[in-house]
Amino acid sequence: MMIAPTLPAELKAALDRKLQGFSRTDAAQRSQKISTTYRAGGGSGTIKSEADALAYALARMPATYAAVAASLNALTEIAPDLAPETLLDVGAGPGTASWAAAEAFPSLQDFTLLDANATLSRLALELARNSSRLAECRYLPGDAGGNLAEVSPADLVIASYVIGELNEADQRKLTDAMWAKARHALVVIEPGTPAGYTRILALRQQLIAAGAYVAAPCPHERSCPLIAPDWCHFSQRLPRSQAHRQIKGAEVPFEDERFIYVALTRAQPTTRAARVLAPPDVGKAEITAKLCSQGGVELAKVPRRDKTAYARARRWRWGDAVIAES
């Protein structure tokens, strides 16, 4: 079951209740300061007050949710039998990834969130208070690297927009620690920048060496075939609410979140799918699509005269899995 990139109704309602009477101008200023810190390589340390946390949630939760939802959709498409009952959300912030996982996996019954920022953890618990799925979630205080060893293993482990806050040595330690806690699958999402791609590549290589299989986006465990300055990343479009537009100072009613992810599993995937690496070029005579396949990167050309294949290719979107027809 594919889930939508938009915030679930329960989460949107909870956020709206928190935002009643909240100054959009103040939120925009706080959000800009937080975003500047993140772009400079800082973490969530600047989020110290309830107003900071709300500004962050208003500005970033929709896009983060959309990226996590797209990543989980890719995992469930390749591993449709995956039915985790327990979740560990590493560096959970306001709980965005946990909400997406609850939508993607009706099987989830137990949610554990871990983050060192007490302000964001309070907001996460308030947003989840009346949720039909997350009301009983546990939020553990502490650093994702240092405190992870004490946390119980989970069927599914997610870390969204977290590893970029660490230096390379701590990234490697966290990678090992997260994999050790993942009974069935680990999903890691980062910004769709060359630096985010480099971090995901390093994590991917490290865990393949530890015995992990890649469910998505790659159709293989070999080295990434892309050559710099090219890099792997994807884009998810999401609608912007009026409040979201106000805080972003934006006119357009949508946002495109660029992200990169890797979904790793303990069991070898039974399905392998090529992945669309860029928006396909739809021409009069043929559709040309850049695919990552088991054989490497290829330019697939689907002629218009092959009506069945052409109609199928017209539905391809950037980031889609292309499963060979049997």
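Helix 168-181 axis versus longest C-alpha principal axis of the chain: approximately 90°, rounded to the nearest ten.
Ordered by 1.4 Å accessible area with all protein chains kept, 81, 176 run largest first as 81, 176. Taking all protein chains together and rolling a 1.4 Å probe, residue 256 ends up with roughly 60 Å² accessible. The solvent-accessible area of residue 107, taken with every protein chain present and a 1.4 Å probe, is close to 30 Å².
Between the helical axis of 50-78 and the longest alpha-carbon principal axis of the chain there is an angle of about 30 degrees.
Where a ≥ b ≥ c are the square roots of the eigenvalues of the C-alpha gyration tensor, would you call segment 218-326 rounded, which needs a/c under 1.5, or, failing that, prolate if a/b is larger than b/c, or oblate? Cα axes put segment 218-326 in the oblate bin. Relative contact order for the chain: 17 percent, from Cα pairs under 8 Å spaced at least 6 residues apart, divided by residue count. Relative contact order (percent) for segment 1-149, with alpha-carbon contacts under 8 angstrom and 6 or more residues of separation? Once divided by the residue count of segment 1-149, the mean separation gives 25 percent.
Couplings 3J(HN,Hα) for segment 140-154, derived from phi with the Karplus relation 6.51 cos²θ - 1.76 cosθ + 1.60 (θ = phi - 60°), are 9, x, x, 6, 4, x, x, 9, 5, 4, 8, 8, 5, x, 9 Hz, where x marks Gly and Pro. Contact order normalised by length for segment 137-195, with contacts defined as Cα pairs under 8 Å and 6 or more residues apart; what percent is it? So the answer I get is 45 percent.
Can you pull out the trypsin sites (Lys or Arg not before Pro) in segment 61-146 that DSSP calls coil and that have at most 13 other Cβ atoms within 10 Å?
Here the sparse-neighbourhood loop sites are 129.
Each residue was assigned an accessible area with a 1.4 Å probe, and for residue 298 the value is about 80 Å². Lys-Lys pairs in the chain that are eight or more residues apart or on separate chains and whose Cα atoms lie under 19 Å of each other come to 9.
For the set 1, 61, the ranking by accessible area, highest first and with no ligand, DNA or RNA atoms included, is 1, 61 under a 1.4 Å probe. As a fraction of the 1.4 Å probe accessible area of the chain, surface on carbon and sulfur atoms comes out at 51 percent.
Among 111, 22, what's the order by accessible area (1.4 angstrom probe), most exposed first? Walk me through the numbers before you get to the answer.
Values: 111 5, 22 35 Å².
Greatest to least solvent exposure: 22, 111.
Rounded if a/c is under 1.5, else prolate if a/b beats b/c, else oblate: with a ≥ b ≥ c from the C-alpha gyration tensor eigenvalues square-rooted, which is segment 74-208? Taking the square roots of the gyration eigenvalues as a ≥ b ≥ c, segment 74-208 is oblate.
For residue 271 and residue 176, a Förster radius of 22 Å and the Cβ-Cβ distance give a FRET efficiency of 0.20, rounded to the nearest 0.05.
The values are calculated or read from the model by the stated rules, or taken from the named source; none is laboratory data. No experiment lies behind these values; they were computed from the predicted model shown. Backbone-built Cβ (ideal geometry, glycine too); neighbour counts: all protein chains shown. Accessible surface is based on the protein model in full, side chains and every heavy atom, while ligands, DNA and RNA are left aside. Shrake-Rupley method; radii C 1.70, N 1.55, O 1.52, S 1.80 Å.
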